[in-house]
Each structure stands twice: as structure tokens, then as C-alpha cells.
Amino acid sequence: MFALLARLRPAWLRHTPICLLCHAPGDVLPICSGCEAELPWLSGHCSVCALPLPTHGLPCGDCLKRPPPFTRVEAPWRYGFPVDSLITRFKHQGNWPQGRLLGELLARHLAHAFNEGLPRPRALLPVPLAAPRLRRRGFNQAQMLGRWLSDELHIPLQEGWLQRIEDGPPQQGLDAAERRRNLRRAFALNVLADVKDQHLALVDDVLTTGTTAHFLARLLKRAGASRVDVYCLARTPRPGDR
């Protein structure tokens, strides 16, 4: 029995892992302490949307003017090197070991946040892909992240509750207004989804303008969800911010 469980564990848990960034010996995960310390950790940020800011614990001006339908965004990193390269390789090149590393580090970040008082959601919901894009890519990176988080944090993953019913151009490269138009009628809620009075968390790779999270959180709140949070790997700064 113990031999079977050992074979099912990720490879880096069975032997000393090698850092995926510099190839030095790692610790428990395939990243060394030096490279982990050099990741673009998100320090000061908006207390709602996690936009990088010089201060910590306060909402940004946009969230004060127009509070979003989600309650809180949790992201360990600012979208910058080398996290941006790791996400790109995972998302567009199918580099699953690098994606798994990011997922494990995100799970650590969330476990710490729960210990510090962040309410645990009842379920995780991956941001869905439209069927044509899913066929082209072969996998949904948000779904894979959700599965890893569910395994590590012991939170149920509801993979079919959110559906992408309209496909449009990729959000990358669109301005805020174009992103809103692109997603206005893009999503639907499965008729079997039980969201009423539930605290739920959306899972995605990167939060840029927050448009996707806004539309999905609004859909869930209108269906009766009590709270919607967003868990992602990285948050982009405003254009022009360093």
C-alpha cells in the first residue's frame, strides 16, 4: 500500500528536486530558496482587486468608486519576470511541470492566507474556456490549477458550473472597453449549479483588468452566491507602472 502511494506522489516529492529556474538542488518543490526569494512577490496592493500599489491594506481608487462583484483577489505575484515566462510556457506551450510548481506555490500562499483569517470557500470554480479554444489548446490552464489547488487545500472543485457559451478574440491585446464587449454574453451558469448562499472562489492564471472575474462574479452573485473571491497566480500592474 505504501509503495503504491509513493508511486502516486509527484516526482519532486520522491527525491531531491532540481530547481526549474537555475537547476540547483531544490527543497520540497522544484525551486531553490534563492530563486523563490527572487520571484516578483506582490507586496503593496489593493485590498480588493490586488492591483499593485505603494501601500498595503487599502482599496484602490477604482474599487472605491465602483466596488466589483467579487470580494477579494488573492495572488502571490506581480506579473513580471520570471513568473510571466513560467505562465506563458505553462499556458501556451503545455509545460505542465512549471504550471504545477506555480500551482503548488499558490496553494501555499492560500493556506497561509486561510491561517491568517481569510474565509475558506465552499468550492473552487475554474474560469471556463470556449470549446473551440479548448480543442486548439488541448487543456484549460485554470481547470488544471483548480485541480491542484483542490488536492492541496481539500476544497471541492466544480468544473462544470461555469460555461463559456460564446467564443471571442483572446482578451490579450484588447483594451478595457473591448474586453467588456467581448465578454458581455460569453458566460452562463449550469442549471445544476448549486450556488445559492455559497462562498465560492474563481480560479484563473492571471488577473489583468479584472473584466472576466467581474462578469463571472456578477453572474454568480445574481444567482444567489453569498461571496465570490478570485484566486490567481499573478496580478498585472497598471500600464506604465513599474
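Things worth noting here:
- When residues in the range 50-76 are screened for being without any contact (Cβ under 8 Å) to a residue 40 or more places away in the chain and polar (S, T, N, Q), 1 of them pass.
- Trp77 modelled with pLDDT under 95 and in the same structural domain as Ala201 (by TED's automatic domain parsing): no
- Hits in the range 23-37 (condition: part of a loop (DSSP other than H, G, I, E, B) and either over 19 Å from Leu105 (Cα atoms) or without any contact (Cβ under 8 Å) to a residue 40 or more places away in the chain (or both)): His23, Ala24, Gly26, Asp27, Val28, Cys32
- Matching entry among Val83, Val73 (being under 12 Å from Ala234 (Cβ atoms), hydrophobic (A, V, I, L, M, F, W, C), in contact with a His (Cβ under 9 Å, 6 or more places away or on another chain) and buried (at least 16 other Cβ atoms within 10 Å of the Cβ)): Val73
- Arg218 vs. criteria farther than 13 Å from Val127 by Cβ, in the same structural domain as Leu145 (by TED's automatic domain parsing) and modelled with pLDDT under 95: no
- Inter-residue pairs, beta-carbon under 6 Å, first over 15 Å from Arg222 (Cβ atoms) and in the range 180-195, second modelled with pLDDT under 70, 6+ apart: Asn182/Gly168
- Taking the range 186-207 as the range and being in a strand (DSSP E or B) and at pLDDT 95 or above as the test, the residues that pass are Leu189, His199, Leu200, Ala201, Leu202, Val203, Asp204, Asp205, Val206, Leu207.
- For the range 131-178, a tally of residues being at negative phi, assigned to a loop (DSSP other than H, G, I, E, B) and at pLDDT below 85 returns 9.
- Helices (runs of 4 or more DSSP H) completely within the range 53-128 that count 2 or more residues being closer than 23 Å to Arg164 by Cβ and more than 13 Å from the chain's Cα centre (by Cα): 83-93
The values are calculated or read from the model by the stated rules, or taken from the named source; none is laboratory data. These numbers come from a predicted model, not from an experiment. Glycine also receives a Cβ, built like all others from the backbone with ideal geometry; neighbour counts cover every protein chain displayed.
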